[in-house]
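J.: The structure is given below, and queries will be raised subsequently.
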Amino acid sequence: MTPEELKKSILQLAIQGKLVEQRPEEGTADDLYAQIQAEKQRLIKEGKIKKEKPLPEIAADDIPFDIPDSWKWVRLSKVGITQTGNTPKKAHPEYFGDYIPFLGPGDIQNGIVNYHNQGLSAQGIEYGRLAKVNSVLQVCIGGSIGKAALINRDVTFNQQINAITPILCNPSYIYFVLVSSYFIGFMKEHSGGTATPIINRSLWDEIVIPFPPLNEQVRIVSKIEGLLPLVDKYADAYNRLEELNKTFPGDLKKSILQYAIQGKLVEQRPEEGTADDLYAQIQTEKQRLIKEGKIKKEKPLPEITDDEIPFDIPESWKWVRFSNVISLLSGADLSPSKYNSEFKGIPYLTGASNIENKKVLINRWTEYPNNIAVKGNILLTCKGTVGKTAILCEDKVHIARQIMAITSIGIDSEYAEFFVQSQIDFLKSLAKSMIPGIERSNVLNLCFPLPPLQEQKRIVVQIKRIYQVLNL
């Protein structure tokens, strides 16, 4: 449950009478309601408020949920004085000043009011709408419809806001009702307008609200106010967990790969030989492939120095340049006239959009291939969105310059791919331009921890098993 959902749940329980117990000695809402109506009549008689238009009786269909027997369903305007705001004419600058705050929807945020804005002058207040302290203001038009606040001083407000000044009831309880998902949901569902939703004052006045005895209102407010700081703490923890959940899979993968290439994921087995033996076989195989013209001869790279070695590896392993155990093909772009979407020729891979979740997606073909990756090659995106990898399952594809193709020589291709994935952050850190990129020379120059071949295969199996268990 999100913090917002938890808060909504608390308020809904509160207005359904489920947050605190009912106490017979506190009387009934009928008693309080009668007192409020008597007080309203007194204020009308004294000319302090205007006589209200009669409101329709509450029908069974108007009632959205059950409430305790001691409570009462009432129309909103029956428990207070309601009004809509007004803006003095802008043609009279003398109406504006700092005598009293003049609020608009933007001044109400999460129950907090900005009182330090352009206000009205002592003259302008006569053309505005005055809401007395402990009134509840609610935005009734536009995208922020439903925002509300309980004010702690007298204010004026514009025509996008309605206000209720409660009579003989707890203002905070009325505020919590107005910001409940029930009340705001009703407003939005019954708002008129097309592009701009609006709920008129008469309909707002008629919304039915659940009304408890006064002392119970006070206890409900106290309970909510005691719970909301806990919701804030929950929100902090929730947000930290959400952030952790976003980074955890990536961080965990990095840790697993780091353990793998350090020789800590599986045990070493003497019967599987040493990396020195394997390395000698690889160099023999590379020379054969070069002689047959199947791969190009790379420029010799310097021996690995002690300062370059990033971590210890098992004694049966060997540090080598990555270029010593692979062949690397860089891609080249084709002009639009040389590729098609009609399945003619072999697939043409242009970049990161062709690799998703280690799978190759094909949407272009070419009859003019020249930079060809073959089945079993490791594809690595090296421009733009860098670091995506996949092992090619197609027999042949042409690759654009945003992709490199790595041919493993004498080593397990999946182990090599996992190694490349473990080095992406390092390769990105070497980028020299503003546009992210991976340079060919940096890939070839990587220090590669070479295990015996059978151990490579066992490492791959173990990584896959861990990924599956952890759903990575």
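J.: Can you tell me the length gained on complete extension of the stretch Tyr368 to Asp69, counting 0.36 nm per residue apart and subtracting the Cα distance?
T.: Full-extension gain reported as 99.4 nm.
J.: Something else: How would you order 224-233, 11-20 from highest to lowest mean count of nearby Cβ atoms within 10 Å?
T.: 11-20, 224-233
J.: Let me ask something additional. For segment 139-242, which whole-number percentage of the solvent-accessible area (1.4 Å probe, protein heavy atoms only) is attributable to carbon and sulfur atoms?
T.: The value for segment 139-242 is 53 percent carbon and sulfur by accessible area.
J.: Right, another one. Give the aspartates and glutamates whose C-alpha is closer than 12 Å to that of Lys89, dropping any in the same chain fewer than 8 places away, or say none.
T.: By straight Cα distance, Lys89 reaches Glu126.
J.: Note down the net charge around Pro302, summing +1 for each Lys or Arg and -1 for each Asp or Glu among other residues with Cβ under 14 Å from its Cβ.
T.: Neighbourhood net charge equals -3.
J.: Determine, for segment 1-87, the count of lysine pairs separated by eight or more sequence positions (or lying on different chains) whose alpha-carbon distance falls under 28 Å.
T.: Close lysine pairs under the 28 Å cut-off: 25.
J.: Excluding residues fewer than 8 places away in the same chain, name every one of the aspartates and glutamates whose C-alpha is closer than 16 Å to that of Lys383.
T.: Correct list for Lys383: Asp333, Glu356, Asp425, Glu439.
J.: How much solvent-accessible surface does Lys147 expose, in Å² to the nearest 10, with a 1.4 Å probe and all protein chains in place?
T.: 50 Å²
J.: Right, next: Heavy atoms of the protein only, probe of 1.4 Å, neighbouring chains included. What is the accessible area of Lys223 in Å², nearest 10?
T.: 90 Å²
J.: At what distance in angstrom do the alpha carbon centres of segment 352-379 and segment 157-230 lie from each other?
T.: With segment 352-379 and segment 157-230 each reduced to a Cα centre, they are spaced 59 Å.
J.: For helix 275-291, report the angle its Cα long axis makes with the longest principal axis of the Cα atoms of the chain; keep it between 0 and 90° and round to the nearest 10°.
T.: That helix lies at roughly 70 degrees to the long axis.
J.: Still on this structure, please answer the following. Roughly how tilted is helix 29-45, in degrees to the nearest 10 and between 0 and 90, from the longest Cα axis of the chain?
T.: Approximately 60 degrees, to the nearest 10.
J.: Given the options Ile145, Gly384, Pro197, identify the residue whose Cα lies farthest towards the positive end of the charge dipole of the chain (+1 on Cβ of Lys, Arg; -1 on Cβ of Asp, Glu).
T.: Of the options given, the answer is Gly384.
J.: Moving on. How far is it, in nm, from the label point at Gln35 to the one at Ser144 when both lie 7 Å from their Cα along the line to the Cβ?
T.: My value for the distance between the label points is 3.6 nm.
J.: Name the lysines eligible as straight-distance cross-link partners of Lys296: C-alpha to C-alpha under 19 Å, and not fewer than 8 places from it in the same chain.
T.: Answer for Lys296, where 19 Å is the Cα cut-off: Lys286, Lys375, Lys396, listed by chain and number.
J.: Let me spell out the model: positive unit charges on the Cβ of Lys and Arg, negative unit charges on the Cβ of Asp and Glu, origin at the Cα centre of the chain. What dipole size does that give, in debye rounded to 20?
T.: 1320 debye
J.: Net charge within 11 Å of Val420 by Cβ-Cβ distance, Lys/Arg positive one each and Asp/Glu negative one each, not counting Val420 itself?
T.: After counting each charged neighbour, the total is -1.
J.: Which one, Ile209, Gly410, Ala59, projects farthest toward the positive side of the charge dipole computed for the chain from Cβ point charges (K/R +1, D/E -1)?
T.: Gly410
J.: Using a 1.4 Å probe and counting only protein heavy atoms, arrange Tyr175, Tyr99, Tyr415 so the residue with the most accessible area comes first.
T.: Descending accessible area places them as Tyr99, Tyr175, Tyr415.
J.: Something else about it: Note down the net charge around Glu26, summing +1 for each Lys or Arg and -1 for each Asp or Glu among other residues with Cβ under 9 Å from its Cβ.
T.: After counting each charged neighbour, the total is 0.
J.: Still on this structure: Given that just one value was derived from the coordinates, which of (1) 90, 62, 38; (2) 92, 48, 45; (3) 110, 55, 45 is Cα extents along the principal axes in Å?
T.: Working out Cα extents along the principal axes in Å from the coordinates points to (3).
J.: Can you send over the solvent-accessible area of Thr87, 1.4 Å probe, protein chains only, in Å² to the nearest 10?
T.: Using a 1.4 Å probe on the heavy atoms, I get roughly 40 Å².
The values are calculated or read from the model by the stated rules, or taken from the named source; none is laboratory data. The shown structure was predicted, so the numbers you read here are calculated from the model rather than taken from an experiment. Reconstructed Cβ throughout: ideal geometry from the backbone, glycine too, with neighbour counts over all protein chains shown. Just the protein is used for accessible areas: all its heavy atoms, side chains included, with ligands, DNA and RNA removed. Shrake-Rupley method; radii C 1.70, N 1.55, O 1.52, S 1.80 Å.
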